[in-house]
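Comments concern the structure below.
The values are calculated or read from the model by the stated rules, or taken from the named source; none is laboratory data. Computed from a predicted structure; not experimentally measured. Cβ placement follows ideal geometry from the backbone for every residue including glycine, while neighbour counts extend to all protein chains displayed. For accessibility, only protein heavy atoms count, side chains too; no ligands or nucleic acids. Shrake-Rupley method; radii C 1.70, N 1.55, O 1.52, S 1.80 Å.
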Amino acid sequence: MKGALLRYVLYRIKEHPDTEVTYEAECLWCKWTAQPSTDSEAVDVECMSHTGRSGHKGFRRIRTSFAMVVRAE
């Protein structure tokens with residue numbers, strides 16, 4: 001009987017280098033949405049402006065990125 005040879009390879013996940021992170025937000029009270037942007041602060045300012053106009057204080061914030069699994073060095 002022959003034994004099996006097991007090799008373990010470590011991997012990690014990282015953001016894809018050729019893509020940008022995109023930020024978005026949605027109001028929890030109405031159908032308002034912020035303009036998607038690569039600048040998170042711009043989306044935050046839009047949310048605060050919406051709060052000032054509507055009084056709505058709850059938002060769903062969305063951060064979208066693309067990832068890839070690579071072999072750990």
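Tabulated data for the structure shown
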item	result
Restricting segment 33-61 to residues that are open to solvent by 50 Å² or more (accessible area, probe 1.4 Å) and part of a loop (DSSP other than H, G, I, E, B), the residue that is farthest from residue 72 (Cα to Cα)	57
Tabulated pairs, segment 1-15, first without any contact (Cβ under 8 Å) to a residue 60 or more places away in the chain, second open to solvent by less than 90 Å² (accessible area, probe 1.4 Å), C-beta under 6 angstrom, 6+ apart or interchain	13/67; 15/65; 15/67
Per-region count, segment 6-54, residues touching a helix residue (DSSP H, G or I) at 6+ places or on another chain (Cβ under 8 Å) and of a type in the set (D, E, K, R)	1
Those residues of segment 15-32 which are over 30 Å from residue 55 (Cβ atoms), open to solvent by less than 80 Å² (accessible area, probe 1.4 Å) and of a type outside the set (Val, Ile, Thr), in sequence order	16
Yes/no for residue 64 being β-branched (Val, Ile, Thr), in contact with a Ser or Thr (Cβ under 9 Å, 6 or more places away or on another chain) and at pLDDT below 95	no
Number of positions in segment 24-73 that are aliphatic (A, V, I, L, M), touching an Asp or Glu at 6+ places or on another chain (Cβ under 6 Å) and within 30 Å of residue 9 (Cα to Cα)	1
Search result, residues across segment 1-16 that are more than 20 Å from residue 62 (Cα to Cα) and in a loop (DSSP other than H, G, I, E, B)	1, 2, 3, 4, 5, 6, 7, 8, 9, 10
